[in-house]
Amino acid sequence: MSAPFSLDSAIRKIPDFPKPGILFYDITGILVNPEAFRFCIDQMVKLYKNAKVDAIAAIESRGFVFAAPFAERMGIPLILIRKKGKLPGKTWACKYALEYGTAEIEVHQADVKAGQRILVMDDLIATGGTLNAARNVLEQGGATVSGFFGVVGLPFLDYQRVLGDIEVKTLVEYFGE
Ligand code: AMP
């Protein structure tokens, strides 16, 4: 049997980006490595193939890259959650706090169906604030978040506290900066 693929080796770590003190986990190294990218999508399908999920919701923009092939493989709808002002139709919106200042995300009202069980994903989960805002906009549409997924998780930032008792899954975790 071949050794398991090391995703860590495909993730570049850039100190002090985008500002001093932040260690940036750069997933572009996965995208330029077809073996790494295929490994991610295969692992995601393995994690969720038996889950009761009606749709995937993904966060702009690096979340889209992983969610699109995954949703296609799962054969379920992909809902785009975008930064404010990008979606042309009527939207549900949520403002949330960043480390400095605030951000706002939106989802098309027409894309969310009441009663849907939705898996929300992004490339990386840090504080969980972005995913929690995503939950807010989906719940405004009457949907339920059944799980959260990040290719990378930084559990030392305590995202599970922000995300409550909804299950969080990741492919690789880092425990310090
Ligand atoms: P948060 O809302 O704190 O969970 O932050 C998650 C969002 O910010 C994701 O869309 C990530 O792409 C981005 N992000 C936050 N921290 C980092 C980091 N250390 N390296 C790479 N991306 C990050």
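The values are calculated or read from the model by the stated rules, or taken from the named source; none is laboratory data. Worth saying up front: this structure is predicted, and the values here are computed from it rather than measured. Glycine also receives a Cβ, built like all others from the backbone with ideal geometry; neighbour counts cover every protein chain displayed.
Quick grid of which residues meet (1) touching a Pro at 6+ places or on another chain (Cβ under 9 Å); (2) surrounded by 13 or more Cβ atoms within 10 Å (Cβ to Cβ); (3) within 20 Å of residue 128 (Cβ to Cβ):
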{"site": "13", "(1), (2), (3)": "no, yes, no"}
{"site": "45", "(1), (2), (3)": "no, yes, no"}
{"site": "53", "(1), (2), (3)": "no, yes, yes"}
{"site": "75", "(1), (2), (3)": "no, no, no"}
Log entry, pairs with first residue in the range 52-76 being free of Cβ contacts under 8 Å to residues at least 40 places away in the same chain, second being β-branched (Val, Ile, Thr) and part of a helix (DSSP H, G or I), beta carbons closer than 9 Å, six or more apart or on different chains, reads 69/41; 73/41; 73/45; 74/45
If we keep only residues of the range 133-174 that are assigned to a loop (DSSP other than H, G, I, E, B) and under 23 Å from residue 31 (Cα atoms), then the residue farthest from the chain's Cα centre (by Cα) is 174
Contact list, first residue from the range 9-27 and closer than 16 Å to residue 171 by Cα and at pLDDT 95 or above, second anywhere and assigned to a loop (DSSP other than H, G, I, E, B) and more than 10 Å from the ligand (Cβ to nearest atom), beta-carbon distance below 8 Å, six or more apart or interchain, is 10/33
Cβ pairs under 6 Å, 6+ apart or interchain, first in the range 98-113 and under 19 Å from residue 53 (Cα atoms), second within 13 Å of the ligand (Cβ to nearest atom) and modelled with pLDDT of 95 or more, ordered by first then second residue, are 107/81
The condition from (1) within 13 Å of the ligand (Cβ to nearest atom); (2) touching a residue at least 24 places away in the same chain (Cβ under 8 Å) that residue 169 misses is numbered (1)
The residue from 79, 105 that alone is more than 15 Å from the ligand (Cβ to nearest atom), among the β-branched types (Val, Ile, Thr) and part of a strand (DSSP E or B) is 79
Under 12 Å from the mean Cα position of the chain (by Cα), modelled with pLDDT of 95 or more and not in a strand (DSSP E or B) - does that describe any residue in the range 85-93? no
Within the range 145-165, of all residues that are crowded, with 17+ Cβ neighbours inside 10 Å and away from the ligand (no atom under 14 Å from the Cβ), the one nearest to residue 45 (Cα to Cα) is 147
**Message:** Given the criteria modelled with pLDDT of 95 or more and outside any helix (DSSP H, G or I), does residue 114 qualify?
**Reply:** yes
For the range 112-144 the number of residues that are more than 16 Å from the ligand (Cβ to nearest atom) and basic (Lys, Arg) is 2
Flagged in the range 82-102 as away from the ligand (no atom under 16 Å from the Cβ) and charged (D, E, K, R), in numbering order, are 90
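Given the residues 36, 71, 58, which is the only one that is of a type in the set (Gly, Ala, Ser), touching a Phe, Trp or Tyr at 6+ places or on another chain (Cβ under 9 Å) and in a helix (DSSP H, G or I)?
From the options 36, 71, 58, the qualifying one is 36.
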